[in-house]
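Working notes for the structure below.
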Amino acid sequence: MFLINCPYCGERDQSEFSAGGEAHIVRPKQPTELSDNQWAEFLFMRKNIKGVQFERWNHSHGCRKWFNMVRDTSNDKIHAVYKMGEKPPIK
Amino acid sequence: MSKNLRITNNRFIDQTSKISFKFDGKTLYGFKGDTLASALLANNIHLVGRSFKYHRPRGIMTCGSEEPNAIVQLGKDPSMTEPNTRATEIELYEGLEASSQNCWPSVNFDIGAINNFFSPLIPAAFYYKTFMWPANFWKLYEYFIRKSAGLGKSPSQPDKDIYDHRYLHCDVLVVGGGISGIMAAKTAAKNNLNTVLMDDKNTLGGTTLFQQNECFKINNSYSNEWIKKEIKTLNSFKNLTIKTRTSLAAYHSYNYLLARENLTDHLDLNEKKDKIRQRLWKIRAKKVIIATGAMERPLIFNNNDRPGIILSSSIKKYIDYYGVKCGKKISLFTNNDSAYETAISLNNSGVSVNSVVDIRDKTNSLIVKQAEKLGIKIHWKSSVVNTNGYKKINSIEIMKLSDDNTATVGKKIIEECDCLGISGGWTPRVHLFTQSGGKLKFRDEDNVFLPDKSELDQISIGSCNGDFELDEVIKNSVKLTNNFLKVNNNDYENLEIISSKEIDKKNIWLLPSDIPLGKTKPFLDFQNDSTANDVKLALREGFKSIEHVKRYTTTGMATDQGKLSNMHALGIIAETAGVKMGELGTTTFRPPYTPLTFGVIVGRNVGEFFDITRKTPMHDWHVDKKAEFENVGQWKRAWYYPIDNENMHEAVQRESKAARDSAGILDASTLGKIDIQGSDVSEFLNRVYTNAWSKLEIGKCRYGLMLNEDGMVYDDGVTTRLSENHYLMTTTTGGAANVLSKLEDYLQTEWPELDVYLTSVTDHYGTVSICGPNSKKILSKVIPDLDLSDKEFPHMSFKNALIDNIKCRVMRISFTGELSYEINIQSSYAKSVWEKCFDAGKKFNITPYGTETMHLLRAEKGFIIAGQDTDGTMTPVDLQMDWIISKKKYDFIGKRSLYRSDTIREDRKQLVGLLTEDPNEILEEGAQIVGKTNKQPTEMLGHVTSSYFSPNLNKSIALAVIRNGKKLKGQKMFVPMKNKTISVTITDTVFLDKENKRLNA
Ligand SMILES: [Zn+2]
């Protein structure tokens, strides 16, 4: 059970949050211009890596804000949290 | 009680308070402070169960949570009886009743024991191999296996006990109240840290509490006297919480831990009543100090499982703590120094020790010298090669070990005994450390896995960290604790410690015997009955991974998770396969450390607290009218309103007819309602719905379909423009929360530039829906000054109104195809408005109808229910709703997916109507549809999604999804049922009023 540092509320128990999958997948501005393959790349393909991963999280039972998290999926270590629209503090 | 098995000992057991209890129906006596195990031993009862596979007699083997054999059924009450409890952990109380498990008809005469004689025929994985074929015989096998293996009986009635959950936050959590834990907790508390100390026993002190031996002294006191003083000083700290009888069950990431506190299990039956039985602590600790100690290992030799064979350190605790002699003529068998502590304790209490059999050549440590001084006989470089006695050990066979330790040599000595203490060294309790994700390292010198790397803010101290000698335990625990807490507690700096040092170490995982290996029974896992031979067989059969060997032989898979057996299993695998133990790794220890009751896991979330129940403002009215309710998500919705013993079908037929013939009234309060405000709402709606929204005028309503990005229908509902920048969206009852989350997600992450604000107002408004040709007349009585003319108030429009000076919103929208109005009013007024409408409608036979009738009415019109006629694989095109997809809009959620190669396939499943050949035949929802019946197997082309008997059309109607259904209109299909095949014809989805005339009736 993680202890997550919501960028708006501070440290809260994981049970207040829900995970929203991989971060930084921008919805294409002009979907109609895309080929089936390009659209499928956006729609279906996710990295699901073992190691440091960029993820979206929602403080669903708190401030309801979405934010990003850098988490190592191999040991669940959270390296950073940052607001939507901000650049990842870690590469 | 056999008095001669108790020594006079008033230190821990109150020998003045006699307690009566029942075991296997027999009334016995013990004392306050006993465990069930110590009381049984005091009554000379060793035989407490039968083994899993061979049904061999098994006795109490330990004094703690690692007990594999003394697993008993506790209590007789059908709601409170508890299987698989460990007699070594149950504190004795007045009225306790326990019985043996896994034996039939009784522990002394067990029919399954015949398996023991057939044991050469029951090798590893016997059950897997034998009961594989034929598959349909499994019913028989299962019955047989379950009956003969039965591990206890679960209660048959709901649990009457109360359980509780609580949160706990602390700076430092110390797990384990032995000598290391006590020193660590005191150090933390002294430095003003908010500290919690937990121990699963009823008292602190661990094994030091009863260690009264010349070889272990601190500042000239016996170590037990020293620790007692330390425990006393703990009480002075206000910032230290001590929790005994509290077992740490699970250690998760970010120092989140779960512990179970036993509050009443030790109380007399009549004192337990109305109290919380167990509490689950949900702990978040800044720092964790694990001080869980070590457990003694057994030795693996032929027939090492007879009742009366007990871990040496447990015999010591039974004599020193409980004052109970495990036997009158006790032999000990060891590979290390600790058995000598037991020998000395027994000797000091007047119990004769036959001899100590030691596999080592000879050793001269302080404690061994003391034992020799007391005249205790030692068989050096020897092994026990066999034991005798069926229901209780009566002798052991001792032989010398060969120089290479692979065989036994010389003359066999037979030694009579009624108890054998065994000690195979010590295993640090690293279970919690590994649960938390910590990695282990292997120490070759004494074959132990030790805590190595951890990501969390934690340390292990004391013997769980590999320190087994008193002076090292103290020295290292103090140093590690001070460093970890960044403090400097010098209380323990200049202690004068006497501690016997183990000089010689020797270990043989599987001890040799004079009998060939295949003919011996060296048990590894006592509860699951697997032997060293089974593990060797598994290796011969090609199993290599420890995890596979474990599952194949079931070693370590019983309720004790192999606490005693795992190390030997690993040792034998490593030896046989010729690999190093450190490289082999270990199996995973999973939470909970000891089994938890279901009661403590669910806590208070039972009965009415199991889930939230949401009720509409009109709920009580429905109850008064004897409505049947259905659960829709967490909502209770009126399903139908039976009158005079009507069944559901009859009630729904009546309600459906009334709604179309005159007037019906429906509680629509559960529909999701989202208040949307901002200057960009119309643009927002354009992006989330498939149709166009920019031209929606103020005061108008529009139906919208929402897709997922994959093009599949997600939700639908009507949205009303209340004013320039103010809208009210409705969603399906079940989809409300998800729709709001999804819309928030897009707003916050994809379109933060839009000026749009979403607020859930589902609970804020009650919704009364009146439909039917007379609905206008009824509404005009309720709100006389509202102009209801079609010109002023046409279909799909909205008006603000007042009812008795209370503001409300009236929408003219319809989900039934009838002329229909919805009144939305603040929840607290909704019931009175409902009643007002009902009274006004009496003249017109206004009929309350429930969700079932609502579903029927909309099916007559071919309106879909998202979630019933759709299942996340239907596009609007599949639903034949092409009209709702805007061709002009550049983009909306899911648009691009509507022309992916898969979604433009013509042979997708599509929504159609079905009419049965026999108009009285009602199809079953979910029934499969096929095109042919003359050939088998035949392809399933689709299934029925909605089906009703329509009283308004006087025939059965259904909606279905069928492959390529759009093009098959007019074709015959078949619905094969268990005892008949129903012929159907594919039709249009709209069955009634295709021209929508009734909307303006
Ligand atoms: Zn927050």
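The values are calculated or read from the model by the stated rules, or taken from the named source; none is laboratory data. This structure is a prediction, so every number in the text was calculated from the model and none was measured. No Cβ is skipped: glycine too gets one built from the backbone with ideal geometry, and neighbour counts run over all protein chains shown. When the accessible area is computed, the model is the full protein with side chains, heavy atoms only, and any ligands, DNA or RNA have been set aside. Shrake-Rupley method; radii C 1.70, N 1.55, O 1.52, S 1.80 Å.
What the table below lists for this structure:
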| read-out | value |
| --- | --- |
| Descending principal axes extents, the protein assembly as shown, alpha-carbon based, whole Å | 114, 70, 62 |
| Amide hydrogen neighbours beyond the local backbone of B:T35, cut-off 5 Å, H modeled | B:L92 |
| Debye, to nearest 20: dipole size of chain A, +1 on Lys, Arg Cβ, -1 on Asp, Glu Cβ | 180 |
| log₁₀ of I(q)/I(0) at q = 0.16, 0.19, 0.20, 0.21 Å⁻¹ - chain A, Debye sum with one point per alpha carbon | -0.69, -0.90, -0.96, -1.03 |
| Amide H within-cut-off set for B:H252, under 5 Å, with H built and near neighbours excluded | B:L257, B:L258 |
| Stretch in chain B that is longest and holds no chymotrypsin sites (Phe, Trp or Tyr not before Pro) that DSSP places in a loop and that have at most 12 other beta carbons within 10 Å | B:119-609 |
| Cleavage-rule hits, GluC sites (Glu not before Pro), the range B:721-811, DSSP coil, Cβ neighbours within 10 Å at most 13 | B:E724, B:E753, B:E792 |
| Relative contact order of chain B, pairs being alpha-carbon contacts under 8 Å that are 6 or more residues apart, as % | 9 |
| Charge dipole of the range B:752-809 about the Cα centre (unit charges at C-beta), most positive-ward option of B:H764, B:A801, B:S789 | B:S789 |
| Cα point-scatterer Debye curve for the range B:210-368, base-10 log of I(q)/I(0) at q = 0.08, 0.12, 0.14, 0.20 Å⁻¹ | -0.38, -0.82, -1.02, -1.26 |
| Dipole axis of the protein assembly as shown (+1 Lys, Arg; -1 Asp, Glu on Cβ), positive-most option in B:T203, B:S775, B:I90 | B:I90 |
| Expected 222 nm ellipticity per residue - DSSP helices of 4 or more, -39500 (n - 2.57), all of chain B, to 500 | -6000 deg cm²/dmol |
| Size of charge dipole - chain B - debye, nearest 20, with Cβ of Lys, Arg +1 and Asp, Glu -1, no other charges | 1220 |
| Above-threshold pairs, the threshold being 30 Å between Cα atoms, out of B:K229/B:K453; B:K232/B:K475; B:K232/B:K273; B:K232/B:K286 | B:K229/B:K453; B:K232/B:K273 |
| Rounded to 5, percent antiparallel among DSSP beta bridges of chain B | 75 |
| Over the range B:905-1000, relative contact order from alpha-carbon pairs under 8 Å, at least 6 apart, % | 36 |
| Charged-residue dipole, Cβ positions (Lys, Arg, Asp, Glu), the protein assembly as shown about Cα centre, Debye nearest 20 | 880 |
| Peptide B:740-751, shielding by other chains (average Cβ, 10 Å cutoff) | 4 |
| R0 of 22 Å, Cβ-Cβ distance B:K544-B:R443: FRET efficiency to nearest 0.05 | 0.35 |
| Long pairs among B:K615/B:K742; B:K935/B:K978; B:K441/B:K536, criterion Cα-Cα beyond 20 Å | B:K615/B:K742; B:K441/B:K536 |
| Shielding by other protein chains, A:31-43, mean Cβ within 10 Å | 3 |
| The range A:3-83 - percent relative contact order, Cα under 8 Å, separation 6 or more | 31 |
| In the range B:183-280, the trypsin sites (Lys or Arg not before Pro) that fall in loop regions by DSSP, at most 14 other Cβ within 10 Å | B:K238, B:K273, B:K275 |
| Solvent-accessible area per residue, Å², over the range B:517-599 with all protein chains present [probe radius 1.4 Å] | 40 |
| Dipole-positive endmost among B:I884, B:L248, B:S383 within the protein assembly as shown (Cβ charges, Cα centre) | B:S383 |
| The range B:400-442 versus the range B:727-781: alpha-carbon centroid distance in Å | 70 |
